[in-house]
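Q: Dropping the structure in here first, questions after.
The values are calculated or read from the model by the stated rules, or taken from the named source; none is laboratory data. All values reported here derive from a predicted model rather than from experimental measurement. Here the Cβ is made from the backbone with ideal geometry for all residues, glycine too, and neighbour counts use every protein chain on show. The protein model used for the area step is the full one, side chains on, heavy atoms only, and it has no ligands, DNA or RNA in it. Shrake-Rupley method; radii C 1.70, N 1.55, O 1.52, S 1.80 Å.
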Amino acid sequence: MRRSTIPDNAKETVQLDFSALYHDYWESLFKQIMRILLDEDEAADVVQQTFLDLLEMKEKIPEIKSVKSFLFIMGRNLAFKKLRRKLVSDTYREFYASQYKEASSLIEEWIVFKELDDLIEKEIEKLPNKMKEIFILSRHFEMSHLEIAKKLNISDKTVKKQISNALKIIRLKVDKEYQPLLLAVLLTDLLF
């Protein structure tokens, strides 16, 4: 019987399929641990240890409401314990500080990109119907000008002109702070 949650009735005999748990949760647990340790070998070791610790605790499993949550908390705690031991060394502190600083910068860039993408999508929705259809086929479905022309039974020059006009309209609506990023995002539409 395969289960990831345990019934409230603790007296009921519970048999977990540990191989199924391992198969179902290894990868997502590994990804969580990688975010903490930033080292594949160490993360794999922690994940392995987490499953071993759970297996050793099988008599307590009837008391656990969610094996998955318990497993992830165990893994996270083992990873932080390992990280604390490593951070005693100045070399590791500097390494982790630089890695987290880089990750923080990437998150900020992603947020800006997401805001810009949302703004572009709002502006696309405001385009005239035919222009919007052509632009969406180009941007979302990555169709070439020729493919769009054949699909809509219009000339490829018309497609190119409609996409160009759509880009002009969108550029006018986007704040100047987003324009360098906007050009990079939309440039691909002009090339195809």
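Q: Given labels modelled 7 Å from the Cα in the Cβ direction, how far is it in nm from residue 136 to residue 160?
A: With each label placed 7 Å out from Cα toward Cβ, I get 2.5 nm.
Q: Which of 66, 77, 54 sits closest to the plus end of the dipole of segment 49-88, meaning its Cα is farthest towards the positive end, when Lys and Arg get +1 and Asp and Glu get -1 on the C-beta?
A: Going by the Cα projections, it comes out as 77.
Q: Calculate, in nm to one decimal, what residue 152 and residue 173 gain on full extension: separation in residues at 0.36 nm each, minus their alpha carbon distance.
A: 4.8 nm
Q: By accessible area of protein heavy atoms, probe 1.4 Å, what ranking do 45, 117 get, highest first?
A: 45, 117
Q: For 84, 171, 76, 139, give the ranking by accessible area with the largest first, probe 1.4 Å.
A: On the way: 84 155, 171 70, 76 95, 139 40 Å².
Descending accessible area places them as 84, 76, 171, 139.
Q: So, with a 1.4 angstrom probe, what is the percent of accessible area on segment 32-73 that is carbon and sulfur?
A: Summing carbon and sulfur atoms, their accessible area is 50 percent of the total for segment 32-73.
Q: Keeping all protein chains in position, work out how much accessible area residue 58 exposes to a 1.4 Å probe, and write it in Å² to the nearest 10.
A: Rounded to the nearest 10, the figure is 120 Å².
Q: Please calculate the 1.4 Å probe accessible area of residue 95, with all protein chains present, and give it to the nearest 10 Å².
A: Approximately 90 Å² of residue 95 is accessible to the 1.4 Å probe.
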